[in-house]
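Before any comments, here is the structure.
Values in this text are rule-based calculations from the coordinates and carry no lab data. Everything numeric here is computed off the predicted structure, so don't read it as measured data. Backbone-built Cβ (ideal geometry, glycine too); neighbour counts: all protein chains shown.
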Amino acid sequence: MALVVFLIAIGAAALSENMIPPSHIQTIDPTKVAQTPPFDRPGLRQTGQRQYEAYLLAHIFAFTPPHITIPVGSKVTFYTTSPDVVHGFFITNTAVNMMVVPGWVSSATHVFRRAGTYLLLCNGYCGSGHHYMYGTIEVKG
Amino acid sequence: MEAHVRRENRLVLAHLYVATLALMLGAVFGLLQSLSRARWVSMPSSFDYYRMLTAHGVLMAIVFTTFFIVGLATLLTYRAIPRDRSLALGWSAFWLMTLGTLAAAATILSGNASVLYTFYAPLKAHPAFYLGTTVLVVGTWLVLIDILANAVWFWRTQPGRRLPLVVHGSACTFVMWFIATIGVAIEMLFFLIPWSLGWTPTVNVMMTRMLFWYFGHPLVYFWIMGAYLIWYNIIPLHYGGKIFSDALTRVAFLLLLILSTPVGIHHQFLEPGIAAGWKWLHTMNTYGVVVPSIMTAFVIFASFEMAAQRKGVKGFWATIRSLPWTNPAFTGPALGMILFIFGGFGGIVNASYSMDAIVHNTMWIVGHFHITVGGPVALTFVGTAYWLIPRLTGRRLFAPKLALAQTYTWFVGMAIMSTAMHWAGLLGSPRRTDDVTYFGVQAAAAWMPHMRAAAIGGSLLFLSILMFAAVAFGTLFTARDETQVIEVAQVEEHAALTPAYLDRIGTWATVAVVLAVLAYVGPMHELLEAHVYGAPGMRTW
Ligand code: HEM
Ligand SMILES: [Cu+2]
Ligand SMILES: [Cu+2]
């Protein structure tokens with residue numbers, strides 16, 4: 001009985017909106033990423049007051065662009081894809097954590113409430129230079 | 001020993017010693033990994049970290065566990081159904097598994113398959129890696145046929161008698177394994193092998209991932225079922241206990257049979273291309289498969305308690321103290337159970353969406369599976385080897401004190417290593433990464449103390465595995481002693497009668513297949529419907 005209540009509670013919590021995992025469904029030709037907008041011009045775009053969209057490419061063995069700077073309190077929606085193998089896209093100390101699969105676009109949103117340097121790293125093994133694959137997100141106070 | 005028993009023992013020993021060799025080699029790599037991550041060792045480019053990590057994953061997660069479980073299930077089935085049988089099928093399985101393993105291992109160690117044990121496309125390994133692993137899996141299917149053939153022989157020749165409990169458990173384990181490995185077999189035969197041979201130019205990456213995890217999660221339950229075979233049927237012998245209930249034991253195995261497969265997508269929470277609803281469905285199913293484990297905890301403690309009561313011991317701590325803490329065949333599984341309690345909590349965390357986003361692909365996950373498979377499962381197997389090997393070789397156990405110390409060393413080493421890994425993971429340290437200093441970025445500096453603690457725990461674990469190897473191989477040379485017998489625990493006299501439908505393995509297997517199909521037909525259909533671009537293969541190492 002306790003178990004049933006527990007399952008219902010977890011089930012309901014999982015359904016509540018802010019817990020929906022990144023499940024973006026959008027395909028892209030992995031052999032033509034460099035020619036396909038918006039990934040032909042990767043980078044940060046401002047879409048409103050403290051609102052951004054960041055198009056970052058994950059490829060062996062780097063993120064492009066590797067560093068972005070935003071003001072504190074910004075809401076950023078990240079879009080990423082890979083032209084080669086599977087990568088990870090993880091910003092430490094946040095819940096931005098997604099797999100980057102060639103042929104698909106992944107997306108996640110985060111509000112950066114604290115200033116500082118966030119580490120963006122690849123947490124999906126991608127080859128011999130996997131541990132060199134990182135970037136930073138500078139959040140200015 | 002009768003001649004046919006001696007012949008059967010040789011087959012089982014062959015499996016146990018391949019498992020031991022895999023564990024030893026895997027341990028060398030495990031040690032180097034933990035030292036490399038602590039920056040106390042730096043792997044040369046001629047034998048790099050990821051080659052070694054692929055070998056560690058394959059040797060530990062697939063080879064060690066599978067050979068041990070096959071040896072165990074074969075032994076339990078053969079002893080429960082004694083007859084003068086042909087071992088042709090058993091040896092064919094052993095040789096297929098061994099040849100497959102050798103092909104895969106040679107490909108990995110020569111640097112042609114640094115794709116890790118999950119071999120995610122479009123990383124493209126040499127075809128011998130995919131072919132070798134497939135042959136290993138096909139070998140295990142012969143084991144299923146062997147177990148079922150023995151069960152059928154039993155039903156035919158002894159109508160009206162219940163299928164022995166250990167045969168029921170072994171059959172459930174291998175039917176579940178068969179249903180699960182169909183996924184990886186399809187992935188290999190229809191996707192990866194033709195693509196690695198150059199017959200198809202590109203591969204559907206998301207489909208291969210879904211097929212992999214269709215297999216990858218039940219793989220975990222395969223290990224657990226192997227450990228449960230021992231927890232239910234063998235360890236009561238060590239404390240003078242009995243099996244609490246015949247019916248509950250059968251129910252636990254049947255639940256694992258039907259619930260292990262429709263859960264795999266919980267490994268794919270953070271992937272694009274799979275609708276959130278499917279992720280939710282698989283998460284709910286994952287909580288369902290916790291039920292047989294909670295049942296097992298209850299049944300095992302009840303068995304401890306009833307044994308203690310017969311000796312006039314009462315109360316929780318007195319019951320615990322009354323157990324044989326100096327018998328390594330008991331302390332291995334029992335210390336493993338203690339680790340499993342922590343592993344279980346961690347597992348519930350992993351399966352929740354919001355937590356998974358924080359710990360996915362971090363060291364937390366590595367900490368989690370070392371405290372589940374590397375703890376309860378491996379320590380149960382290692383401890384049980386101290387009981388099995390002397391009985392199979394007809395010799396005395398070599399250095400019993402060393403064996404006892406080995407189980408405690410493992411427990412301490414694993415507790416240290418796993419705790420440090422969990423902690424580093426919460427701080428964001430990624431898994432499957434050689435050097436986690438990121439050129440001195442500040443956020444990464446906080447992980448280093450934990451990486452060093454993990455390396456200390458890992459060194460203790462390595463030492464423990466050396467001790468095990470010394471005992472396992474030492475026992476080949478000790479004095480003969482054929483008085484030790486292999487038996488399984490009896491059921492408590494008051495155990496409730498077992499309903500006959502619990503033995504209808506065919507019916508339960510059908511239920512398992514239906515549930516697996518229901519869980520996967522939707523997400524797979526969506527993947528096939530979507531306009532998917534294939535990805536060409538790549539060798540990035
Ligand atoms: C000497 C004992 C051991 C040590 C020191 C050790 C250490 C490690 C370390 C440090 C990693 C993580 C590497 C990384 O993600 O960068 C790892 C991965 C792993 N270990 Fe162990 N381990 C040991 C024993 C075991 C055992 C007994 C098992 C299972 C039966 C096991 C199964 C695994 C698996 C499946 C992985 C994941 C491989 C991957 O991510 O591809 N290990 N081990
Ligand atoms: Cu990477
Ligand atoms: Cu899992």
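Points worth noting:
- Among the residues of the range B:260-298, those that are surrounded by fewer than 21 Cβ atoms within 10 Å (Cβ to Cβ) and of a type in the set (A, V, I, L, M) comprise B:A275, B:A276, B:L281, B:M284, B:V290, B:V291, B:I294, B:M295, B:A297.
- Residues in the range B:398-415 that are more than 21 Å from the chain's Cα centre (by Cα) and either under 12 Å from B:L339 (Cα atoms) or surrounded by fewer than 18 Cβ atoms within 10 Å (Cβ to Cβ) (or both): B:A399, B:P400, B:K401, B:L402, B:A405.
- Pair list, Cβ under 6 Å, 6 or more apart: the range B:31-53 residue closer than 20 Å to B:R452 by Cα, other residue within 16 Å of ligand 3 (Cβ to nearest atom): none
- Some residue of the range B:228-244 being assigned to a helix (DSSP H, G or I) and within 14 Å of another protein chain (Cβ to nearest Cβ): no
- Among the residues making up the range B:256-292, a single one is in a helix (DSSP H, G or I), closer than 15 Å to B:V513 by Cβ and within 11 Å of ligand 3 (Cβ to nearest atom): B:G264.
- The set of residues in the range B:326-384 being more than 13 Å from ligand 3 (Cβ to nearest atom), away from chain A (no Cβ under 14 Å) and either surrounded by fewer than 22 Cβ atoms within 10 Å (Cβ to Cβ) or under 23 Å from A:G88 (Cα atoms) (or both) consists of B:T326, B:N327, B:M337, B:I338, B:I341, B:F342, B:G367, B:H370.
- Total residues in the range A:75-85 satisfying the condition of being facing chain B (nearest Cβ under 7 Å) and either of a type in the set (D, E) or touching a helix residue (DSSP H, G or I) at 6+ places or on another chain (Cβ under 7 Å) (or both): the figure is 1.
- In the range B:240-266, the qualifying residues are those that are of a type in the set (S, T, N, Q) and under 25 Å from B:E305 (Cα atoms), and the one that is nearest to ligand 2 (Cβ to nearest atom) is B:T249.
- Residue check for B:F269: within 14 Å of chain A (Cβ to nearest Cβ) and either more than 16 Å from ligand 2 (Cβ to nearest atom) or touching a strand residue (DSSP E or B) at 6+ places or on another chain (Cβ under 8 Å) (or both): yes
- Members of the range B:18-69 that are among the polar types (S, T, N, Q) and either within 14 Å of another protein chain (Cβ to nearest Cβ) or within 11 Å of ligand 1 (Cβ to nearest atom) (or both): B:Q33, B:S34, B:S36, B:S42, B:S45, B:S46, B:T54, B:T65, B:T66
- Residues in the range B:492-526 that are crowded, with 17+ Cβ neighbours inside 10 Å and either within 14 Å of another protein chain (Cβ to nearest Cβ) or part of a strand (DSSP E or B) (or both): B:P523 alone.
- If you go through the range A:83-119 and keep only what is within 16 Å of ligand 2 (Cβ to nearest atom), surrounded by fewer than 24 Cβ atoms within 10 Å (Cβ to Cβ) and not in a loop (DSSP other than H, G, I, E, B), you end up with A:I91, A:L119.
- Among the numbered conditions (1) away from ligand 3 (no atom under 16 Å from the Cβ); (2) among the hydroxyl-bearing types (S, T, Y); (3) under 23 Å from the mean Cα position of the chain (by Cα), the only one that B:T65 does not meet is (1).
- Among the candidates B:V63, B:V12, B:V5, residue that is away from ligand 2 (no atom under 16 Å from the Cβ), closer than 19 Å to B:L102 by Cβ and assigned to a helix (DSSP H, G or I): B:V63
- Under the condition of being at positive phi and within 12 Å of ligand 1 (Cβ to nearest atom), the residues counted in the range B:426-469 number 1.
- From A:G135, A:G48, A:G116, residue being of a type in the set (G, A, S) and over 25 Å from B:W423 (Cα atoms): A:G48
- Failed condition for B:M176, given (1) more than 14 Å from chain A (Cβ to nearest Cβ); (2) in contact with a Pro (Cβ under 7 Å, 6 or more places away or on another chain); (3) within 30 Å of B:R539 (Cα to Cα): (3)
- Looking across the range B:437-451 at every residue that is closer than 14 Å to A:Y132 by Cα and facing chain A (nearest Cβ under 7 Å), the one that is surrounded by the fewest Cβ atoms within 10 Å (Cβ to Cβ) is identified as B:V441.
- Number of positions in the range A:86-133 that are touching a Phe, Trp or Tyr at 6+ places or on another chain (Cβ under 8 Å), within 7 Å of chain B (Cβ to nearest Cβ) and hydrophobic (A, V, I, L, M, F, W, C): 7
- Among the candidates B:N204, B:N233, residue that is of a type outside the set (V, I, T), farther than 15 Å from B:A535 by Cα, away from ligand 2 (no atom under 16 Å from the Cβ) and out of contact with any His (no Cβ under 8 Å at 6 or more places or on another chain): B:N233
- Scanning the range B:496-536 for residues that are touching a strand residue (DSSP E or B) at 6+ places or on another chain (Cβ under 7 Å) and of a type outside the set (F, W, Y) yields B:A530, B:H531, B:V532, B:G534, B:A535, B:P536.
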